[in-house]
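Following: one structure in structure tokens, then a few remarks.
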Amino acid sequence: MKEKEKLFLSNKAWAKEKQKSDPEYFKKLAKDQAPNYLWIGCSDSRVPANEIIGAQPGELFVHRNIANMVVHTDLNLLSVLEYAVNYLKVDHVILCGHTGCGGIKAALSQSNFDLLNKWLRNLKDVYYHHKEELAPIQNEEDKVNKLVELNVLEQVNNLVKTGVIQKAWNKGVNVTIHGWIYDMETGLVSSLVECDKNSEIDPIYKYQFTDSQSDTL
Ligand code: CO
């Protein structure tokens, strides 16, 4: 059997199973979505967002990219964030990194990855920012996982630096940002950091909003 046929067959079996447990399942889901969480995670096939936290279809709005980055010029990420916060009105944004991340490993190496160099450069900058802490780590795996951790903290900070989040907080919207790590060896997630509207923002990154400003990113 061809690979593609296998996928269609699996899909049919899945749809049948869902319909069997609730004949109205797809009708109800098709009406609308009202997820309470935005998940920003790594594209890694071993970290399936819904599955690892037992979320059902409709419960999680998802954005994934290599090494779960929040790059301030990434219109894709910013659009997802804007839509999740201002239209879906999610209460939580989860930024989840994972141990043994291939993107982090690649960024730590001196290999040339052509186009990917541009994306990995954002991770190299995180390394550079924390090199006093990272450079002395001899064990390669430990170094990767320490950068995974520091990267989650940096990307949570990058979320806080966006106009989307600051504007929501300014309006009194209580959206909480969570920095998590998924441990590939145990399948467990743990929390590293949590930010909400009472969190400190460095003045250089802090915006002052007026009523007329409606679309500051
Ligand atoms: Co990864």
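The values are calculated or read from the model by the stated rules, or taken from the named source; none is laboratory data. These figures come from a predicted structure and were not determined experimentally. A quick note on method: Cβ atoms are made from the backbone with ideal geometry, for glycine too, and the neighbour counts reach across all protein chains shown.
From (1) within 16 Å of the ligand (Cβ to nearest atom); (2) buried (at least 17 other Cβ atoms within 10 Å of the Cβ); (3) over 28 Å from Lys27 (Cβ atoms); (4) not β-branched (Val, Ile, Thr), pick out the condition that doesn't hold for Glu82.
With (1) within 16 Å of the ligand (Cβ to nearest atom); (2) buried (at least 17 other Cβ atoms within 10 Å of the Cβ); (3) over 28 Å from Lys27 (Cβ atoms); (4) not β-branched (Val, Ile, Thr) applied to Glu82, the lone miss is (1).
Out of Lys118, Lys124, Lys105, I need the residue that is of a type outside the set (A, V, I, L, M), at pLDDT 95 or above and away from the ligand (no atom under 16 Å from the Cβ). Which one?
When all the criteria are applied, what remains is Lys118.
Pairs under 9 Å by beta carbon, first residue touching a residue at least 60 places away in the same chain (Cβ under 8 Å) in segment 80-101, partner of a type in the set (Asp, Glu) and away from the ligand (no atom under 16 Å from the Cβ), six or more apart or different chains?
Qualifying pairs under 9 Å: Glu82/Asp215.
Which of the residues that make up segment 25-39 are over 14 Å from Val85 (Cα atoms) and either in a helix (DSSP H, G or I) or at pLDDT 95 or above (or both)?
Tyr25, Phe26, Lys27, Lys28, Leu29, Ala30, Lys31
Would you confirm whether or not segment 15-24 contains a residue that is part of a helix (DSSP H, G or I) and either within 24 Å of Val160 (Cα to Cα) or of a type in the set (A, V, I, L, M, F, W, C) (or both)?
The answer is yes, given that some residue of segment 15-24 is part of a helix (DSSP H, G or I) and either within 24 Å of Val160 (Cα to Cα) or of a type in the set (A, V, I, L, M, F, W, C) (or both).
Here is a list of conditions, (1) within 15 Å of the chain's Cα centre (by Cα); (2) at negative phi; (3) within 15 Å of the ligand (Cβ to nearest atom), and Asn68 meets all of them except one; can you say which number that is?
Only one criterion is unmet by Asn68, namely (2).
Restricted to segment 54-65, and to residues that are of a type outside the set (Asp, Glu) and over 14 Å from the mean Cα position of the chain (by Cα), which residue is surrounded by the most Cβ atoms within 10 Å (Cβ to Cβ)?
Filtering segment 54-65 for residues that are of a type outside the set (Asp, Glu) and over 14 Å from the mean Cα position of the chain (by Cα), the one surrounded by the most Cβ atoms within 10 Å (Cβ to Cβ) comes out as Ala55.
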